[in-house]
Amino acid sequence: MKHPNVSRRNFVNTAITGSLILGAPSIVSARSLGGGALGQSLVPIKHGSMAVTEFKNSKIHSYQSPNLTGCVTTHIIETPERLIIVDGQRSVIYGQEIRDYADALGKPVDRMIISHLHPDHWFGAYQFRDVPIHSLKETQGEIEQLGEFFIEISIPTLGDHVPPEKVVPDTLIADGSSETIDGVTLEFKHVTDAESDNMLTIYLPEEKVLIAQDLLYNNCHLFCGHGNFQGWQKSLKDLRNDTSFDLVLPGHGANVGSRQSIDDALIYLEFVEGTYAKVSTGDELKSAIIERYPSYLAASLVDIQNLFLFPKK
Ligand SMILES: [Zn+2]
C-alpha cells in the first residue's frame, strides 16, 4: 500500500498522540574485538554493561543500557587528563550510573556531546547539566523545540527515568570541525536524512575509531520512524567504503566495534523498507520484523517507530 510521506511534522504529531511500549530488561555482554585496539575488558556495573577499550593514549568506556530503554549506548572517552561523554541515555537513573562511574575514574568531565535529538540520547544528560553540553546547531534547535513534549509523553511509561526538565545543548559543534584534547583528536561530521534528520558522528583518527551512534545498531531493532530509508542506506554504504576506522561504535547494542554491523544494518533497512511498502498496519510490520529478527533486542523501538510510520489520522 501507499503510505503518506513520513515528515518531521508527522514525527512530532504522532509522538504527541502516541504512547511508548517497553520490553523486559536484559543485559548483553560484549564479545571479543577484531580491530586494532590494544584490548577490551568488561567492568561490572549495576544496571547496564560497561566495555572498556584501551588505546595507546586513551580509553573508551562504552556503556550499554538494559533493554528497558533500548540498549542505548554512552561512550566515555578518557584522555590523559579528562573525560568526554558521548550521549546521555534515556534514563536519569542510568545517566546517574554513568556519572558515578565517570566520577570514580577521578578525572574531570570536560563536556558531554549529544549526537542527535532523540530522547534516548539526552534524557540522562540531566545528570551532566553542570558541564558544557555540545551538539550540532540543528540538534540544539530540535531539542529546544521538542524537549518538553518528549518528556511529557515518556512519563507514563518511564516514570522515574524521565528528567524534570529538558537539557538543551549550550555549545555548538560545526560540521567538518575537529579538536585535539590532550593528544586525542576528535573529527566531527554532520550526517543528514538517516536514522534522524540530523546526526553527528565522531572520528578518532589515532584510535581508528568511528563513534557512529544511531547511524548504526548492533543486534538491535533499528528505529525507522523518520522513514529516511534511502538516505540512511546511502550513509551506511559510505561507511562501508570508508576504511579509515577499525572499530565502529553503535548507538544501540553491544559495543564490539565490528564492521559486520554495517552490512547487518543495510540488510535490515532493505527488509523494513520493502515490508513497509507492502503492509497496511503497524502490527503487520512488527510481526514481519520480529519473525525475521527473533533474537534482536530493543523491540520497544519497533513500537515507537510504528507510531510515526503509521500516524493516526
Ligand atoms: Zn537511539
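Rule-based calculations on the coordinates, nothing more; no lab input. Computed from a prediction, not measured in an experiment: that's the story for all the values here. A quick note on method: Cβ atoms are made from the backbone with ideal geometry, for glycine too, and the neighbour counts reach across all protein chains shown.
Could I have the simple spin-label model distance between GLN233 and ILE155, label points 7 Å from Cα toward Cβ, reported in nm to one decimal?
According to this spin-label approximation, the distance is 4.1 nm.
Give me the mean projected area, in nm² to one decimal, of the convex hull enclosing the Cα positions of region 194-265. Please report the intermediate quantities before stating the final value.
Details: hull surface 17.0 nm².
For region 194-265, averaging the hull's shadow over all directions gives 4.2 nm².
In nm, to one decimal, how far is the LYS137 label point from the SER280 one, both placed 7 Å along Cα→Cβ?
Calculated label separation equals 4.6 nm.
Would you please give the residues with an amide H less than 5 Å from that of CYS220, counting only those at least 5 places away or on a separate chain, with H modeled from the backbone geometry?
Amide H neighbours of CYS220, under 5 Å, 5+ apart: LEU297.
Placing unit charges on C-beta atoms (Lys and Arg positive, Asp and Glu negative, everything else neutral), compute the dipole magnitude of the chain about its Cα centre in debye, rounded to 20.
Details: 26 positive and 39 negative charges, 130 e Å.
In debye, rounded to 20, the chain gives about 620.
Whole-Hz Karplus ³J(HN,Hα) for region 39-54, in order, using 6.51 cos²θ - 1.76 cosθ + 1.60 and θ = phi - 60°, x for Gly and Pro?
x, 9, 9, 9, 10, x, 8, 5, 8, x, 10, 10, 10, 10, 10, 9
With both bridge residues required to lie in the chain, what share of the DSSP beta bridges run antiparallel, to the nearest 5%?
Once the DSSP bridges in the chain are tallied, antiparallel ones form about 70 percent.
Hey, with R₀ at 25 Å, roughly what FRET efficiency would ASP263 and ASN57 work out to, going by the Cβ-Cβ distance, to 0.05?
Computed FRET efficiency for ASP263 and ASN57 comes out at 0.25.
With an 8 Å Cα cut-off and a minimum separation of 6 or more residues, compute the relative contact order for the chain in percent.
Numbers: 697 pairs, mean separation 60.8, N = 313.
Across the chain, relative contact order equals 19 percent.
Under the Kirkwood approximation for Rh and a Cα-based Rg, what ratio Rg/Rh is obtained for the chain?
On the way: Rg = 18.0 Å, Rh = 19.3 Å.
With Rh from the inverse mean 1/r over Cα pairs, Rg/Rh is 0.94.
Which entries of LYS59/LYS137; LYS56/LYS107; LYS278/LYS313; LYS46/LYS137; LYS46/LYS234 have Cα-Cα distances beyond 26 Å here? Walk me through the numbers on the way to the answer.
Working: LYS59/LYS137 28 Å; LYS56/LYS107 18 Å; LYS278/LYS313 19 Å; LYS46/LYS137 35 Å; LYS46/LYS234 38 Å.
In this structure, LYS59/LYS137; LYS46/LYS137; LYS46/LYS234 exceed 26 Å between Cα atoms.
Using only the C-alpha atoms of region 197-313, find the volume of their convex hull and express it per residue in Å³.
Details: hull volume 11.0 nm³, N = 117.
Measuring per residue, one finds 94 Å³ for the Cα hull of region 197-313.
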